[in-house]
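The structure appears right after this line, and notes come after that.
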Amino acid sequence: MTVPSTAPGPLPDAVTSTPPADAPGVPDAPPALEGKPPGQRPPSRLRALDGLRLVAALMVACYHYGGRDGEIAKAWGTSPSNHFPTMSEWFAYGCLGVQIFFVISGFVICMSGWGRPLKDFFASRVSRLFPAYWAAIILVTLVFALPAVAFATVSPSDTLVNFTMLQQPLGADRVLGVCWTLWAELRFYALFALFVVLPGASRHRVVLFCAVWTLAAAMADAADQPLLDVVLMPEYAPFFIGGIGLYLVHRFGSDALAWGIVGVSFLIGQRYAVDELWHPQNPDFFSYRHTSVIIGIVALGYLAVALVALGKLNWANWRWLTVAGALTYPFYLVHEHLGWVVVDTLHQDLDVPAHATFALTIVAMLILAWLLNKLVENPLTPVLKRSVTGKRKR
C-alpha cells in the first residue's frame, strides 16, 4: 500500500500557555514571552492557529478525495474529475497544505522547545506523535484486512516496522500513505533539538540556526549528495525555518532580522513548491496547476501564520477552535486510506451522490478523529510522557 508522497506532514501541537503540561490532550506549555510588555502579550492560547491547522487538513482531504487519481479513483469508480469537473482543478492545490503545516510546525516547535530541557522536549514529541499514530496503523491494518475491502495490505513485517515511524528510510511499505512527512518532521525535531534545545534556546542561537540551516540546505541541493539531502531536507527546510522566524516575531516583536528570515524562507520555499507541483499543460496529467496560484497559496499560508504571530487574529478566541486543533492530527492520519473505504461504500455500494459522499466522508473522518482523541490520545499521551521523563503522577 505505497502511496505517492503528496500529503502533508504531521500537525503540530496547538499553542497554549495555561494548562499543565501533562493534562490529557493538552500540548506543551511555553514559557512567558520575552520582549513584549504585559499589555501587548497575546491570550493564553493561540486558537487561531488551531483553526489554521484544521483548514490545512481540510485542504489536504479535498486533495485526497477529489484532486488526484490513483486509489481514490478506484473508490469513486472513475476519476474524481468526472464527478467534480470544476472543483477537481482547485482540489488539486490542496496538497499545498504540506507547506502550511511545515510553517506551523516551525512556529510551534520553536515555542515548545524554548526553555525546555532536552529530555522534556523529547518526551513531548514522543507522547504527542505516537499514541494516535499507533492506533491509526492498527485501525487501517484491520480494516484493510477485511474481505470486503478491495485495497492492498502491507506485509506483516513491513507493518511492524511502521510502528517505529522509520519505515521510509528503511525502505518498508507504508501503512499510512501520509506518514512519509512524519519522517521529515522527525528530522526537523532532531536538528532543532541538537542545535537549539540541547545548548539552550536564545534569540541569538535560533537566528544562527536558521541562517546556517538555510545556507547548508542550499549547498546540499547544489552538491546533490543523498546523505546531505536526507539530513538537511532542502525542499522542506525553508518552511520550517519560516515558521521559526515567525515565532521570533511573535516572541520578541517585529524586527528586520526576524522578518528577513521569514522573507528569505518564503522566497526559497515558493521555488520548491513550484518546482514540485508545476508542469507544462499535458492532457495525460490529472490537473494543471498555475504557477501564480501555487505561489499565492504558499504566500497566504505564510500570511496567515504571520497574522497569528502579530496578534492580529487574537479576536478568533473561540473555544471550539481548540477542539478543532485537537482533531487535526488524528484526522490527518486516518482520513486518506479509511476515506477510500468510506467513499467506496457510500458511493458505489449505497449509491449516494458524489457531492454528498464527499461531505459525509469528511464528517465521518472527523468523528473518527474525535474518538481517537478521546479514547487514545487523552489517556495515553500523559502516561507516555511520564514514562519517558520518569516523572510519577502526583
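The values are calculated or read from the model by the stated rules, or taken from the named source; none is laboratory data. Computed from a prediction, not measured in an experiment: that's the story for all the values here. As a convention, Cβ positions derive from the backbone with ideal geometry for all residues, glycine included, and neighbour counts pool all protein chains shown. Ligands, DNA and RNA are excluded from the accessible area calculation, which covers all protein heavy atoms including side chains. Shrake-Rupley method; radii C 1.70, N 1.55, O 1.52, S 1.80 Å.
At a 1.4 Å probe radius, which order do 381, 153 fall into by accessible area, largest first? Mind dumping the intermediate values first?
Numbers: 381 20, 153 80 Å².
From most accessible down to least: 153, 381.
Taking each DSSP H run with n ≥ 4 as -39500 (n - 2.57) and averaging over every residue of the chain yields -20000 deg cm²/dmol at 222 nm. Sort the range 82-201 into rounded, prolate or oblate with this rule: let a ≥ b ≥ c be the square roots of the eigenvalues of the Cα gyration tensor; rounded if a/c is under 1.5, and if a/c is not under 1.5, prolate when a/b is larger than b/c, oblate otherwise. Judged from the Cα gyration tensor, the range 82-201 comes out oblate (a/c at least 1.5, b/c at or above a/b). With a simple spin-label model that places each label point 7 Å from the Cα along the Cα-to-Cβ direction, the separation between residue 323 and residue 360 comes to 2.3 nm. Ligands, DNA and RNA aside, residue 342 has an accessible area near 30 Å² when probed at 1.4 Å.
Assuming R0 = 51 Å, what is the FRET efficiency of residue 378 and residue 222, from their Cβ-Cβ distance, to the nearest 0.05?
Working: r = 46 Å, r/R0 = 0.91.
After rounding to 0.05, the efficiency reads 0.65.
For residue 259 and residue 118, what is the calculated FRET efficiency with R₀ set at 41 Å and r taken between the beta-carbons, to the nearest 0.05? The pair residue 259/residue 118 has a calculated efficiency of 0.90.
Which percent of the accessible heavy-atom area of the range 237-394 goes to carbon and sulfur, probe 1.4 angstrom? Carbon with sulfur: 65 percent of the solvent-accessible area. For the range 308-341, the list of chymotrypsin sites (Phe, Trp or Tyr not before Pro) that fall in a loop by DSSP and count at most 11 other C-beta atoms within 10 angstrom reads 315. Choose one answer from 347, 204, 83: the residue with the largest mean-square fluctuation in a GNM of the chain with alpha-carbon springs under 10 Å. Highest fluctuation among the options: 204. What number of lysine-lysine pairs in the chain show an alpha-carbon separation below 30 angstrom, given a sequence spacing of 8 or more or placement on distinct chains? Taking the chain as the scope, the lysine pair count is 10.
Highest mean first, the peptides 135-145, 107-117, 350-360 sorted by other C-beta atoms within 10 Å per residue fall in the order 107-117, 135-145, 350-360.
Spin-label model, residue 145 to residue 288: label points 7 Å out along the Cα-to-beta-carbon direction sit 4.7 nm apart.
To the nearest 10, the accessible area of residue 302 is 20 Å² with a 1.4 Å probe.
Counted residue by residue at 0.36 nm each, then reduced by the alpha carbon distance between them, the extension gain from residue 152 to residue 275 reaches 41.2 nm. Computed with every protein chain present, the accessible area of residue 209 is close to 20 Å² [probe 1.4 Å]. Peptide packing: for 288-296, 362-370, the average count of neighbouring Cβ atoms within 10 Å per residue gives the ranking 362-370, 288-296, highest mean first.
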